[in-house]
1. How large is ³J(HN,Hα) for each residue in region 288-298, as worked out from phi by the Karplus curve 6.51 cos²θ - 1.76 cosθ + 1.60 (θ = phi - 60°), to whole Hz, x for Gly and Pro?
2. Using a 1.4 Å probe over the heavy atoms of the protein chains, calculate the carbon and sulfur portion of the accessible area of region 86-180 as a whole percent.
3. Using alpha carbon coordinates only, what is the Rg to Rh ratio of region 13-381, with Rh defined as the Kirkwood radius?
4. Between LEU81 and residues 5 or more places away or on another chain, which pairs have amide H atoms under 5 Å apart, with H built 1.01 Å from N, and which residues are they?
5. Between region 74-113 and region 1-49, how many Å separate their Cα centres?
6. Across region 324-332, in residue order, what do the Karplus-derived ³J(HN,Hα) couplings come to in whole Hz, using 6.51 cos²θ - 1.76 cosθ + 1.60 with θ = phi - 60° and x for Gly and Pro?
7. Each label point is 7 Å from the Cα along the Cα-to-Cβ direction; what then is the distance between the points at VAL167 and LYS152, in nm?
8. Taking 22 Å as the cut-off for C-alpha to C-alpha distance, list the pairs among LYS94/LYS360; LYS325/LYS368; LYS268/LYS303; LYS94/LYS200; LYS124/LYS325 that go past it.
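The values are calculated or read from the model by the stated rules, or taken from the named source; none is laboratory data. Predicted model only: the values in this text are computed from it and were never measured. Neighbour counts are summed over all protein chains in view; Cβ atoms, including those assigned to glycine, are modelled from backbone coordinates with ideal geometry. The accessibility values were calculated without ligands, DNA or RNA, using every heavy atom of the protein model including side chains. Shrake-Rupley method; radii C 1.70, N 1.55, O 1.52, S 1.80 Å.
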Amino acid sequence: MAANVSSPAVVNISDLRLLAKKRLPRMVFDYIDSGADREQTLDENCTAFNEILFRPRCAVATPTTDLGISVLDQKFQLPFLLAPVGSSRLFYPKGEIVASREAGVAGTGYTLSTLSGCRLEEVKQATSCPAWYQLYLLGGRDVALKTIERAKSAGFSAIVVTIDTPVSGLRERDLRNGTKELLSRNPVKMFPYLAQILVKPCWMTQWLSDGGLMSFPNVELDSGPMGYTEIGPALEASVVTWEDLKWIKEAWQGKIVVKGVHIGDDAKKAIDLGVDAVVVSNHGARQLDSVAPTIRVLPEFVKAVNGKIDVLLDGGIRRGSDVVKALCLGANGVLIGRAYAYGLGAAGGPGVARAIEILKTDVLRTMKLLGCSSVNDLNQSYITIPDNWT
Ligand code: FNR
């Protein structure tokens, strides 16, 4: 059963996380929740925000507070957009369509992962706001070119090329849960791990009624859509390099975002290649562990970019005050991943809407308490950061 996310007990994103944990089989919840290796960066992506302190201007009235941003010359009513989250259809029936619809209702953007269980055309159609398509080169260049054409015809307004996935990160919880075995369709391999699914009959019924084990309809191989177990090897066989950006740009002929940059030098490479925006991201701490939390490297990044292109940030955003801190440090906007994925896993559309509402209300309150009437006026004078961050 979907959780009641409008209950007064659901106050913050951690509450949605617990509801998702209740509804989902352990393997699905851990797929959302976990990070790579010892999960050091997973933890620090969130806790690094605690090191930034606010410097509010008091006795300032802000009767209207503007939360809208413009990124890639596209307008959004909120300063946060939804990040690409693969396999969302496992969390809730038609998960990607449901999430993109709720993003549109809230007036913000949705980014569709290549690893979507829903067709990109249907996802785009579901939202009234701009949607971006996140590209992996799974299956090789010809497969990607077909998808790029489809994304263009469907009306996606940017391609987001993720560059931090030359191989899947080590997610120990997935190994312990037998995720690979459960997705193998081999009953003998699946058997030792089945109990975690059988104890969630409501999730299982909904999942089966949505078609059960999905494939990836936007990765069209000659043999049909790519299957689950093919993803790992396909990622390794299709590492995205800076060289690839040239032909992707040529084929797309529109706005290009590079997602997964950590160091200022890579920002310069992106600018030289004519990229329109970068996302400072460590893939939600799911790839290389022990990298710096994203908010910590944002100042280096903003300095390197020097206003030439838009800078977005993701990683560890669980409160509206985190969004505001990133904007103070110079991000043009942020992406949220787990924050809405927990909502989707807890209750589908109402869960995503509740996650967005929680963060929006937080941002609004934080702005008023800071004495600032537009997110576009935020700057470093509203915060103190540790000396060694600059
Ligand atoms: C992701 N992320 C991701 N990124 C991407 O470029 N393509 C993808 O398919 C996925 N899939 C994915 C699945 C799940 C379950 C998660 C949690 C994340 C990374 C995502 O876009 C984003 O970078 C992080 O989620 C941001 O960190 P937070 O907000 O989750 O802490």
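1. So the Karplus estimates, Gly and Pro as x, are 8, 7, 6, 7, 5, x, 4, 5, 5, 8, 4 Hz.
2. C and S atoms contribute 53 percent here.
3. Across region 13-381, the Cα-based Rg/Rh ratio is 0.95.
4. So LEU81 has HN proximity to VAL334, LEU335, ILE336.
5. One Cα centre to the other: 17 Å.
6. Using θ = phi - 60°, the values come out as 4, 4, 5, 5, 4, 7, x, 5, 7 Hz.
7. 3.5 nm
8. LYS94/LYS360; LYS124/LYS325
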